[in-house]
Amino acid sequence: MDFRNATRRDLPAVLALLADEDRVLDPASIVVGEAHERAFAAIGADPRNEMLVLTDGAAGAEVVLGCLQLTYIPGLGQNGQERAVVEAVRVRADRRGAGLGAELMRLAVERARERGCGLVQLTSSKRRTAAHRFYERLGFARSHEGFKLQLNP
């Protein structure tokens, strides 16, 4: 397995993971829109953002097993240390239960620690109760209540 920055070739597989966490979607069936292209390019160009993938298989025949986005935020809290925000965590539906999610998160936390972050944080939809149990098993504590304001209905 390989944990690395996503490349443009990985984009359909990442979008497939984000589109349906309960089924495995064929990345070839995913339409990559102009907004996806812009967002992916912006993530890649920003040193405070990383789209990361966990892959398996030989080069050229790799399968994206999981993904997440790490965003590093400077702040005055945590003694001026950056915090890492984990978003868009997904593991292929047919590969869950084998420890891949825990490995993906372990690698993300290690990456944040190496960067000097003082904290790793994430949010998770209230409906994803299994995900909440997963994060708690990894040592994450419920500490805040989150709020969203949808700007584009």
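Before moving on, here are some points about what is shown:
- Remark: the range 1-90 carries a charge dipole of roughly 220 debye about the Cα centre, counting +1 on each Lys and Arg Cβ and -1 on each Asp and Glu Cβ.
- Cβ-placed point charges (K, R +1; D, E -1), dipole of the chain about Cα centre in debye, nearest 20: 500 debye
- Expected 222 nm ellipticity per residue - DSSP helices of 4 or more, -39500 (n - 2.57), all of the chain, to 500: -9000 deg cm²/dmol
- Rg to Rh quotient for the chain, alpha carbon positions, Kirkwood Rh: 0.95
- Percent accessible area from carbon and sulfur atoms, the range 19-153, protein chains only, probe 1.4 Å: 52 percent
- The distance separating the Cα centre of the range 5-25 from that of the range 113-153 comes to 20 Å.
- Modelled spin-label separation between Arg9 and Arg133, with each label point placed 7 Å from Cα along the Cα-to-Cβ direction: 3.8 nm.
- The slack in the chain from Arg96 to Gln78, taken as 0.36 nm per residue of separation less the alpha-carbon distance, amounts to 3.1 nm.
- Summing Cβ point charges (Lys, Arg +1; Asp, Glu -1) relative to the Cα centre of the range 31-72 gives a dipole of roughly 120 debye.
- In the range 12-112, taking the dipole from charged Cβ atoms about the Cα centre, the farthest positive-side position among Val24, Val85, Met51 is held by Val85.
- The residues of the chain expose on average 63 square angstrom of accessible surface per residue, using a 1.4 Å probe on protein heavy atoms.
- Normalising the average separation of contacting C-alpha pairs (under 8 angstrom, six or more residues apart) by the number of residues puts the relative contact order of the chain at 19 percent.
- When the Cα gyration tensor is reduced to axis lengths a ≥ b ≥ c, the ratio a/c is 1.5 or higher for the range 1-63, and with a/b not above b/c it is classed as oblate.
- Computed from the C-beta positions of Val24 and Arg113, the FRET efficiency with R₀ = 35 Å rounds to 0.65.
- Most positive-pole-ward Cα, Gly118, Gly66, Thr7, against dipole of the chain from beta carbon charges: Gly118
The values are calculated or read from the model by the stated rules, or taken from the named source; none is laboratory data. None of the values given here were measured: they were computed from a predicted structure. In this analysis, Cβ positions are derived from the backbone assuming ideal geometry, glycine residues included, and neighbour counts consider all displayed protein chains. Quick note on the areas: whole protein, heavy atoms, side chains included, nothing else; ligands and nucleic acids left out. Shrake-Rupley method; radii C 1.70, N 1.55, O 1.52, S 1.80 Å.
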